[in-house]
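Have a look at the structure below before the remarks.
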Number of protein chains: 2
Amino acid sequence: MRVSKEKAADNRERILTTASRLIRERGISGVGVDALTEAAGMTHGGLYSQFGSKQRLVEEAVAEAIASKGRELCETTTVDDYVSEYLSPAHRDDPGSGCPFAALCSEMQRQSQGARERFTAGVKGMIGWLSARIGSGTRQRRRDEDAIVTLVSLVGALVLARAVSDPKLSDEILRATRKKLAG
Amino acid sequence: MRVSKEKAADNRERILTTASRLIRERGISGVGVDALTEAAGMTHGGLYSQFGSKQRLVEEAVAEAIASKGRELCETTTVDDYVSEYLSPAHRDDPGSGCPFAALCSEMQRQSQGARERFTAGVKGMIGWLSARIGSGTRQRRRDEDAIVTLVSLVGALVLARAVSDPKLSDEILRATRKKLAG
DNA sequence: CATTTATAATTACGATCATCATCTAATTCA
DNA sequence: TGAATTAGATGATGATCGTAATTATAAATG
């Protein structure tokens, strides 16, 4: 049964939005096509009209998640502000709307080329953003290196803070990394 | 059909060993009970005689992977050696026998309490190992903080180096982080 | 306005998932 | 030697997986 073009576009967008949240919350292989479409008020088959396959949807959802966070990034003023938001308990406790790099990194190596390329583009963008704002000399290469190390520390701290079951250790991971990146 | 106690123990160990490799290669939710037992030369039923459930096996496999890497750690002399091995392309390209923290971190938050506790114990052990070997003053607390930041950087660098599809960027992530942790 | 065409979403499908009940064979122990 | 125990095979189960065929209706065409 067909639906108006408007309605179809709306459905597509809603699937994409919920997918970008769900894959961050439950992992890519942890969420099925049923959950992805049901949350958008449809049956699972509709996914194939809109995206052709789960893999294709994942590719777009990864891009959407990264783009969405990129938009937030534009509103952030300083690296220090970003770091302390990134390493906050609030961010740790809300993966669904949080950093896609942290949420998807260890699953990414097993995804399609397309998904990995979009992820990679996002990582490059993030490194660029950090590099442009980090004041460690004027040499481009040195700034890029520092940006990489900053990103690596942010992502590593967040995933480990989420993984451990001891709340004290989790807080300590965030705190120690925040302290290091600030000073 | 029954099997000798020896043979049964041997089977159990083989399932555990292959499981600890497979979950690191394909992810916990990416590998099924069939694959886990088949690789050990058994049918899926045997898993339930030995472990009761997939979750229980995962818990033991996580512990086994961490213990196995812990044994390797005893043979490593310096932190610098460890860092350069950890951040080597060889380690990046062989997740199955590599760091369990990096392989499982982003899936861990969705696992059973038991699995997360074993993971957490491993993280604490690793922090302790690093802390005891890092020469940044005598104050325990300061050393622990540095150990955490080191671990966080190692894990973050490895997962991101594995995730990105651009080999040059991947190498650069490893290189920049190695440089930072060395100097 | 009537008819055809295109297509969004439902429904049907086969494969695979983790689990469990049942069975078998052989070890272990009395 | 015989009885009890048990590791593992087997096949059924219901749930869920991703996909393809079907259907219903909007849009295009006359």
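The values are calculated or read from the model by the stated rules, or taken from the named source; none is laboratory data. Note that this is a predicted model, so its numbers are computed, not measured. Heads up, the Cβs are rebuilt from the backbone with ideal geometry, glycines too, and the neighbour counts pull from every protein chain shown.
For the structure I just gave you, tell me whether B:Asp10 is modelled with pLDDT under 95 and in a helix (DSSP H, G or I). For B:Asp10, the condition - modelled with pLDDT under 95 and in a helix (DSSP H, G or I) - is met.
Residues that are within 14 Å of chain B (Cβ to nearest Cβ) and without any contact (Cβ under 8 Å) to a residue 60 or more places away in the chain were ranked within the stretch A:1-43; the one that is nearest to DNA strand D (Cβ to nearest atom) is A:Gly32.
Regarding the stretch B:135-144, can at least one residue be identified that is away from every other protein chain (no Cβ under 12 Å), on the phi > 0 side of the Ramachandran plot and out of contact with any Gly (no Cβ under 7 Å at 6 or more places or on another chain)? The answer is yes, given that some residue of the stretch B:135-144 is away from every other protein chain (no Cβ under 12 Å), on the phi > 0 side of the Ramachandran plot and out of contact with any Gly (no Cβ under 7 Å at 6 or more places or on another chain). Among the residues of the stretch A:56-73 satisfying the criterion of being more than 14 Å from every other protein chain (Cβ to nearest Cβ) and farther than 18 Å from A:Gly98 by Cβ, which is farthest from DNA strand D (Cβ to nearest atom)? Checked the stretch A:56-73; the qualifying residue farthest from DNA strand D (Cβ to nearest atom) is A:Glu60. So which residues in the stretch A:1-14 are under 27 Å from the mean Cα position of the chain (by Cα) and near DNA strand C (Cβ under 8 Å from one of its atoms)? Matches in the stretch A:1-14: A:Ala8, A:Asp10, A:Asn11, A:Arg12. Within the span defined as the stretch A:27-44, every residue fails to be of a type outside the set (Lys, Arg), closer than 24 Å to A:Ser131 by Cα and modelled with pLDDT of 95 or more.
Among the residues making up the stretch A:108-155, a single one is buried (at least 17 other Cβ atoms within 10 Å of the Cβ) and modelled with pLDDT under 95: A:Ile134.
Of the listed requirements (1) crowded, with 23+ Cβ neighbours inside 10 Å; (2) of a type in the set (Gly, Ala, Ser); (3) over 28 Å from A:His91 (Cβ atoms), B:Ser84 misses just one: (1).
Taking the stretch A:15-32 only, how many residues are β-branched (Val, Ile, Thr), surrounded by 19 or more Cβ atoms within 10 Å (Cβ to Cβ) and more than 9 Å from DNA strand C (Cβ to nearest atom)? So the count comes out to 4.
Checked against (1) polar (S, T, N, Q); (2) within 16 Å of DNA strand C (Cβ to nearest atom); (3) surrounded by fewer than 19 Cβ atoms within 10 Å (Cβ to Cβ), A:Gln50 meets all criteria but (3). Scanning the stretch A:74-111 for residues that are within 30 Å of B:Arg26 (Cβ to Cβ) and among the charged types (D, E, K, R), which turns out farthest from the other protein chains (Cβ to nearest Cβ)? So, considering only residues that are within 30 Å of B:Arg26 (Cβ to Cβ) and among the charged types (D, E, K, R), the one farthest from the other protein chains (Cβ to nearest Cβ) is A:Asp94. Screening A:Val149 against (1) at the interface with another protein chain (Cβ under 7 Å from one of its Cβ atoms); (2) among the hydrophobic types (A, V, I, L, M, F, W, C); (3) touching a residue at least 40 places away in the same chain (Cβ under 8 Å) leaves a single unmet condition, (3).
Do you know which residues across the stretch B:58-82 are more than 15 Å from the chain's Cα centre (by Cα), touching a residue at least 24 places away in the same chain (Cβ under 8 Å) and in a helix (DSSP H, G or I)?
Across the stretch B:58-82, the qualifying residues are B:Val79, B:Asp80.
Name the residues in the stretch A:165-174 that are at the interface with chain B (Cβ under 8 Å from one of its Cβ atoms) and surrounded by fewer than 24 Cβ atoms within 10 Å (Cβ to Cβ), would you? A:Ser165, A:Asp166, A:Leu169, A:Glu172, listed by residue number.
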